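**Q** Quick one: this structure, given as structure tokens, is what I'll be asking you about.
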Amino acid sequence: MSKPLRIIFMGSPAFAVPSLTRLLADGHTLALVVTQPDRPAGRGQDLRPPPVKRAAERHGLRVLQPEKLNDPDVQATLAAAQPDVIAVAAFGQFLPRAVRELPPLGCVNVHASLLPKYRGAAPINWALIAGETETGITIMRIEEGMDAGPTHDRLADLGAAALADALALVARGEAVWTSQDEARATKAPKIRDEDCRLELAGDPGPLVNRIRGLSPSPGAYLTWRGQRLKVLRAEGREGAGLPGMVLTVESRGIVCGTGDGAIALLEVQPEGKRRMTGAEFARGQRLHAGARLT
């Protein structure tokens, strides 16, 4: 075990929580936890804290929730924490130069892809959407470019373990940073609403990958009778039919044509309602062969 470090941890979603708890388990001093502000969520739009805030408060850690890191008062608070290193995992904001240069051992980021592939805010989603059969974690030193430094639950745990190993090397002065091959870089931008809009047309394989990559949140969706119908799980099927046309209702799901094949919608969630099997939805809506899902 290397000497304990004084760390500022920056992270927001559930993906980052295993990294936070691993740093504590390894005996490091968490001088400050920085996370996103509470945001409205749910049907009532009540303010909800990020998962990292909830985890930090359970451990009695000091929490800072800045709108922007370039605020001089925020930067003064970070400097006052006197970190050896800043550890970042899915924080959700860029680190300005003044913050990157603050800790003597630098800023280390847990990124959920094998960089330089899938640089950006949604690497897990885009890797699944692209049908990748392998992905992983990169521990990178934060520099000026988007995930350019000198790489769902299982990745979060893997990220925590990799971060622990990397900080041990940093503490001993043995970290070796390898430059990325820019020619192989791809982007994984923030998921937009248009990325979630689903048309049951074309090869069913990419459709299944898109549904998988967006499930459970934000969720790929169709429109049915003027409301959104999230599709959370699907499989390809033999056969073919017109795009969006219901071919049959199975015991588990709704089988629809895609023009180039067929797809079974196994789990769906109507707007404002619970998750259910495709078959349950079909029974409730009295869907039958020949109906169209757009």
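**Q** Specify the residue that is farthest from Leu155 (Cα to Cα); the eligible residues are those in the stretch 93-114 that are small (Gly, Ala, Ser) and open to solvent by less than 20 Å² (accessible area, probe 1.4 Å).
**A** Gly106
**Q** From the list Ala162, Ala168, Ala175, which one is part of a loop (DSSP other than H, G, I, E, B), among the aliphatic types (A, V, I, L, M), under 22 Å from Leu30 (Cα atoms) and open to solvent by 20 Å² or more (accessible area, probe 1.4 Å)?
**A** Ala175
**Q** Being within 19 Å of Ala112 (Cα to Cα) and open to solvent by 50 Å² or more (accessible area, probe 1.4 Å) is the filter here, so list the residues in the stretch 178-189 that pass it.
**A** Once the filter is applied, which keeps residues that are within 19 Å of Ala112 (Cα to Cα) and open to solvent by 50 Å² or more (accessible area, probe 1.4 Å), the stretch 178-189 yields Thr178, Ser179, Asp181, Glu182, Arg184, Thr186, Lys187, Pro189.
**Q** I'd like the full set of residues that are open to solvent by 60 Å² or more (accessible area, probe 1.4 Å) and either within 12 Å of Met10 (Cα to Cα) or of a type in the set (Gly, Ala, Ser) (or both), limited to the stretch 77-92.
**A** Ala80, Gly92, listed by residue number.
**Q** Among the residues of the stretch 242-291, write down those that are open to solvent by 20 Å² or more (accessible area, probe 1.4 Å), part of a strand (DSSP E or B) and either modelled with pLDDT under 90 or over 21 Å from Leu214 (Cα atoms) (or both).
**A** Met245, Leu247, Thr248, Val249, Gly259
**Q** So which residues in the stretch 168-205 are touching a strand residue (DSSP E or B) at 6+ places or on another chain (Cβ under 7 Å) and closer than 15 Å to Met140 by Cβ, if there are any at all?
**A** Val170, Trp177, Ala185, Ala188, listed by residue number.
**Q** Here is a further query. Which of the residues that make up the stretch 190-215 are open to solvent by 70 Å² or more (accessible area, probe 1.4 Å) and closer than 23 Å to Ala41 by Cβ?
**A** Answer for the stretch 190-215, where residues must be open to solvent by 70 Å² or more (accessible area, probe 1.4 Å) and closer than 23 Å to Ala41 by Cβ: Lys190, Arg192, Glu194, Arg197.
**Q** Looking only at the stretch 1-29, which residues are of a type outside the set (A, V, I, L, M), more than 27 Å from Ala122 (Cβ to Cβ) and either open to solvent by less than 10 Å² (accessible area, probe 1.4 Å) or in contact with a Pro (Cβ under 7 Å, 6 or more places away or on another chain) (or both)?
**A** Once the filter is applied, which keeps residues that are of a type outside the set (A, V, I, L, M), more than 27 Å from Ala122 (Cβ to Cβ) and either open to solvent by less than 10 Å² (accessible area, probe 1.4 Å) or in contact with a Pro (Cβ under 7 Å, 6 or more places away or on another chain) (or both), the stretch 1-29 yields Arg6, Gly27, His28, Thr29.
**Q** Six or more apart or on different chains, Cβ under 8 Å: which pairs go from a residue in the stretch 170-192 that's more than 17 Å from His111 (Cβ to Cβ) to one that's modelled with pLDDT under 90 and small (Gly, Ala, Ser)? Could you list them?
**A** Here the result reads Ala171/Ser2; Arg172/Ser2, each pair linking the stretch 170-192 to a residue that is modelled with pLDDT under 90 and small (Gly, Ala, Ser).
**Q** Take the stretch 115-137 and flag every residue that is among the polar types (S, T, N, Q), part of a helix (DSSP H, G or I) and open to solvent by 30 Å² or more (accessible area, probe 1.4 Å).
**A** The answer is none; no residue qualifies.
**Q** Would you point out which residue out of Leu5, Leu20 is within 20 Å of Gly106 (Cβ to Cβ) and within 19 Å of the chain's Cα centre (by Cα)?
**A** Result of the check over Leu5, Leu20: Leu20.
**Q** Would you be able to say whether some residue in the stretch 227-237 is in a loop (DSSP other than H, G, I, E, B) and open to solvent by 30 Å² or more (accessible area, probe 1.4 Å)?
**A** No, the stretch 227-237 contains no residue that is in a loop (DSSP other than H, G, I, E, B) and open to solvent by 30 Å² or more (accessible area, probe 1.4 Å).
The values are calculated or read from the model by the stated rules, or taken from the named source; none is laboratory data. Every value quoted in this text rests on a predicted model; they were computed, and no experiment measured them. As a convention, Cβ positions derive from the backbone with ideal geometry for all residues, glycine included, and neighbour counts pool all protein chains shown. Accessible surface areas use protein heavy atoms only, side chains included; no ligands, DNA or RNA. Shrake-Rupley method; radii C 1.70, N 1.55, O 1.52, S 1.80 Å.
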